[in-house]
Amino acid sequence: MGFDQDSDYLESSFLPGQGGPKPPSGPPHPPYPPQAYAPYPKPKKRSSISRIFWGLVFGLSFLANVALFLLLIGLVAFVATGRTRFYEEAVVREGPRTDKIVLVHIDGVIGDDQADYVYRQLQTAREDRNVRAVIVGINSPGGTISGSDRIYQDILAYRRETGQPAVAFMQGMAASGGYYASVACDRIVAEPTAITGSIGVVMSYFVFQELLENKLGIQPVYLAKGAKKDWPSSFREPKQEELDYIQERLLNPAYERFIEIVQAGRASILPPDQVRNLADGSIYVAPKALDEKLIDEIGYLDDAVEAVLSLAGIQDAQVVEYRKPFSVMDMLSVESSSSFKLDRTTLYELSTPQVLYMWSAY
């Protein structure tokens, strides 16, 4: 029997009246009754504590992913640009790029951070073969002795190693440590309203004895080995012997060094005796400072540029300054850097005398 015959046989076997299986006989089955199903259980509500917890977890996870994404973008941009210099260059005055003048900034109270900032600016200028001179823009009341001296030495080293001139430009204020740094330059130009001078040394510290003992009922205990080890102390009134000791050991050497620095920097203009006469801590507005020969010229930035062009022996130049580029790490560290921490270091700084080249009225 062939395939066609088999298929005809199968089909015919199921046809009515052909001997195939017959449909069931009898009355139809009654319809089945509807089956009752158990109600679907309602979801349990989460507690408010659970919702807050998972909300915090989700929020922190989201912020962490955003931070990592931004950090990755910054890293890719850094690698893509191949930038290795610490600062970006911004044009202050247009001019030929083959001849540049760098405007180096000293802003605010001088300390170790400010000294590091000035050093990095000068180091960046050293690496640029098109730089012909620097202008040191000063707007500072002074600060620490070490920070002021470091800036002074860095400016002298730059002039000595590069053979380039430097002009100090006083903007607003260049007092005490600010003036200390300015005498490292070849010439000093000051705005008409600039405040300068304040050649001298100041020291200050807090005495907490009355506050602790009479107001708070706290009796400080301070042990030291050596009669002068704790001179002076913030926990008791100083004796005259202690004040004389500090005057001799700290203030006098710092004061004499300040005078020597000014005498060396203004040697061709000011006699040594006149410098000592001016070193009484007095401050001077620019016109009076010019009369006393503490500065060379009254003017603005354009005048400082003309002065340094003349010293460098060039007709024109592009004036630039260095700015620290924005980074993702700066954005992430803004909040942490602005917080005040009252720790052992802070308490030590508040209670330890500081000898400063700074105008005390600042």
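Just so you know, all these numbers are worked out from the coordinates, no wet-lab data involved. These figures come from a predicted structure and were not determined experimentally. Using ideal geometry, Cβ is built from the backbone for each residue, glycine included, and neighbour counts are taken over all protein chains shown.
Which of 281, 269, 238 sits closest to the plus end of the dipole of the stretch 214-302, meaning its Cα is farthest towards the positive end, when Lys and Arg get +1 and Asp and Glu get -1 on the C-beta? Value computed over the given set: 238.
Once you divide the Cα radius of gyration of the stretch 214-293 by 2.2 N^0.38 Å, the number left is 1.71.
Highest-first packing order for the peptide set 167-175, 266-274, 153-161, 288-296 is 167-175, 288-296, 153-161, 266-274, based on the mean count of other beta carbon atoms within 10 Å. Using the Cβ-Cβ distance between residue 89 and residue 68 with R0 set to 25 Å, the FRET efficiency works out to roughly 0.25. The residue list 144, 182, 109 was ranked by how far each Cα lies along the charge dipole of the stretch 81-205 toward its positive end, using unit charges on Cβ atoms, and 182 comes out on top.
Length, then width, then depth: along the principal axes, the Cα atoms of the stretch 102-213 run 64, 30, 17 Å.
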